[in-house]
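What follows draws every value from the coordinates through simple rules; no lab data is involved. Please read all numbers here as calculations on a predicted model, not as lab measurements. All Cβ positions, glycine included, derive from the backbone under ideal geometry; neighbour counts span all protein chains shown.
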Amino acid sequence: MHYDYILAGAGCAGLSLAYRLNQHPELRQKKILVLDKNLKNQNDRTWCFWVQGSTPFDAIAHKTWDNIWFHHAAFSQKFNLAPYRYQMIRGLDFYEFVLNDLSQNPHITIQWGNIANLQSQAQVASLELDNQAITADWIFNSLPPTMPEKRPNFHYYLQHFKGWVVETPQAFFDDSTATFMDFRIPQQSGEARFFYVLPTSPTRALVEFTVFSENLLPEAQYDEELKKYFQTFLQLSDYQIVEQEFGIIPMYDTSFATRHSPRILNIGITGGRAKASTGYTFMNIQKQSDRIIASLLNNQHPFYTESAWHRFQLYDSMLLNVLKNHRKLAADVFRIMFERHPLPRIWRFLDEKSNFWEELQIMASMPPLPFLQALPQVLWR
Ligand SMILES: Cc1cc2nc3c(=O)[nH]c(=O)nc-3n(C[C@H](O)[C@H](O)[C@H](O)COP(=O)(O)OP(=O)(O)OC[C@H]3O[C@@H](n4cnc5c(N)ncnc54)[C@H](O)[C@@H]3O)c2cc1C
């Protein structure tokens, strides 16, 4: 069988791109194959992100907050997000919404099975689905990345987190406000530890313990930290855990290559879409889909141009270097950002849309020594 496009992996990146292809009057006529080994009928993750304006998936937003709390032992503040908002999409709602949309198009086939052996030649790409060879003009690959070979002075942090969705018998949560980052818990040098509290109703919230570090914690520790947070900060004892999630996101500053081979483009986490300093990925995946669609239309191939190096990678690497070398706590870096800068500037900076003047203002507000020490190490590596 030969297809125009194969989406190898129907997770966030594969389905986001498939959805966008299916929205386009010309591209939706292409012969498209969407593949995954899992039926995508589980709520295996929840995505949250800040956003301004509309997104293709607003219709399935599970919750939207106009306000957030930021907490640190030395600074707590509630912020109104306008003109942004913080939005939550449940994985299962997303999978069902996109798979239903794709199933209306007779040019799109969805198949379940194990993918292996992705390869490209000059004019054709191929893979094996349960040992059966399939070819395409282009393959979009979002299968999990393999760990890159470690290089000196690059950083290989992980964002790892465990979340409980809890229900309370009585109204307890203020669901008009999400806790974006709560750094009041004890911090370890070389790491960042914080909580998200994401209330979806007065009686229900996703509470997530999150760590940036090089190694995972012992499994039981995530639950212990969650229990402690409920006791100490939420002061809530009467609750029931109704769902749990665990996740690991690579925060590597050696980016995964977008180009797998001449006819295969890596997308999603595998295509380096996780931001190294925060782990946020969902909106970067949407941006990548936009660029692929534009390139297919304008260039008849999906390989959009991306500068090999840009200044935001330098900022991300500097933060990771400051963390790794125990120069400053990440909690303090985020506190300074939230204490001294207007939120739109912070979001623009983290979205890599700020201008150089805004970046200089953020840099100037940081303690100079830790970042000056990091700079030569990340520049000359
Ligand atoms: C629990 C969790 C919560 C997250 N929360 C957020 C968040 O709040 N905000 C944010 O911005 N980012 C978040 N992320 C990070 C990121 O947005 C997600 O990891 C996102 O799903 C990445 O999309 P992806 O398509 O690259 O990978 P995935 O969504 O993991 O898709 C990869 C697909 O490949 C399939 N697959 C793997 N191997 C094979 C094989 N051999 N054959 C066939 N299929 C295969 C898998 O079944 C999967 O469907 C979260 C990640 C996790 C794990």
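D for the chain, whole µm²/s, Stokes-Einstein with Kirkwood Rh over alpha-carbon pairs at 4 °C and 1.567 mPa s: what number? Please list the in-between numbers first.
Values: Rh = 22.1 Å.
For the chosen part, D equals 59 µm²/s.
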When the charge dipole of the chain is computed with +1 at the Cβ of Lys and Arg and -1 at the Cβ of Asp and Glu, the Cα pointing farthest to the positive end, of TYR3, PHE334, PHE70, is that of PHE334
For the range 311-379 the mean separation of alpha carbon contacts under 8 Å (6+ apart) over residue count, i.e. relative contact order in percent, is 48
The answer for the net charge of residues other than LYS324 whose Cβ lies under 13 angstrom from its Cβ, with Lys and Arg +1 and Asp and Glu -1, is 0
Taking Cα atoms, the helix 356-365 axis meets the longest principal axis of the chain at an angle in degrees (rounded to 10) of 30
Of LYS31, LYS328, LYS162, the most mobile residue in a GNM of the chain (C-alpha springs, cutoff 10 Å) is LYS31
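Once the piece of chain linking SER76 and ASN38 is laid out straight, how much longer is it, given 0.36 nm per residue of separation minus the C-alpha distance between them?
Values: separation 38, 0.36 × 38 = 13.68 nm, distance 4.18 nm.
The SER76-ASN38 span can extend by a further 9.5 nm.
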Loop-resident GluC sites (Glu not before Pro) in the range 141-213 with no more than 10 other Cβ atoms inside 10 Å, DSSP not H/G/I/E/B, are GLU149
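Going down the table (LYS287/LYS353; LYS275/LYS324; LYS31/LYS275; LYS275/LYS353; LYS37/LYS63), which pairs top 22 Å between alpha carbons?
Working: LYS287/LYS353 12 Å; LYS275/LYS324 17 Å; LYS31/LYS275 32 Å; LYS275/LYS353 13 Å; LYS37/LYS63 29 Å.
Over 22 Å apart, Cα to Cα: LYS31/LYS275; LYS37/LYS63.
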For TYR84, the residues 5 or more places away or on another chain with a placed amide H closer than 5 Å to its own amide H are none
So the angle from the long Cα axis of helix 91-103 to the longest Cα principal axis of the chain, reported in degrees to the nearest 10, equals 20
Helix 219-229 sits off the longest principal axis of the Cα atoms of the chain, rounded to the nearest 10 on a 0 to 90 degree scale, by 50
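Summing +1 for each Lys or Arg and -1 for each Asp or Glu, what net charge is found among the other residues whose Cβ lies under 10 Å from the Cβ of THR254? Could the numbers behind the result be given before it?
Values: positive: LYS150, ARG151, ARG381; negative: GLU149, ASP253.
So the surrounding residues net to +1.
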The range 204-218 and the range 318-375 have their Cα centres apart by a whole-number Å value of 22
For the pair GLN111 and PHE233, the simple spin-label estimate (label points 7 Å beyond Cα toward Cβ) gives in nm 4.7
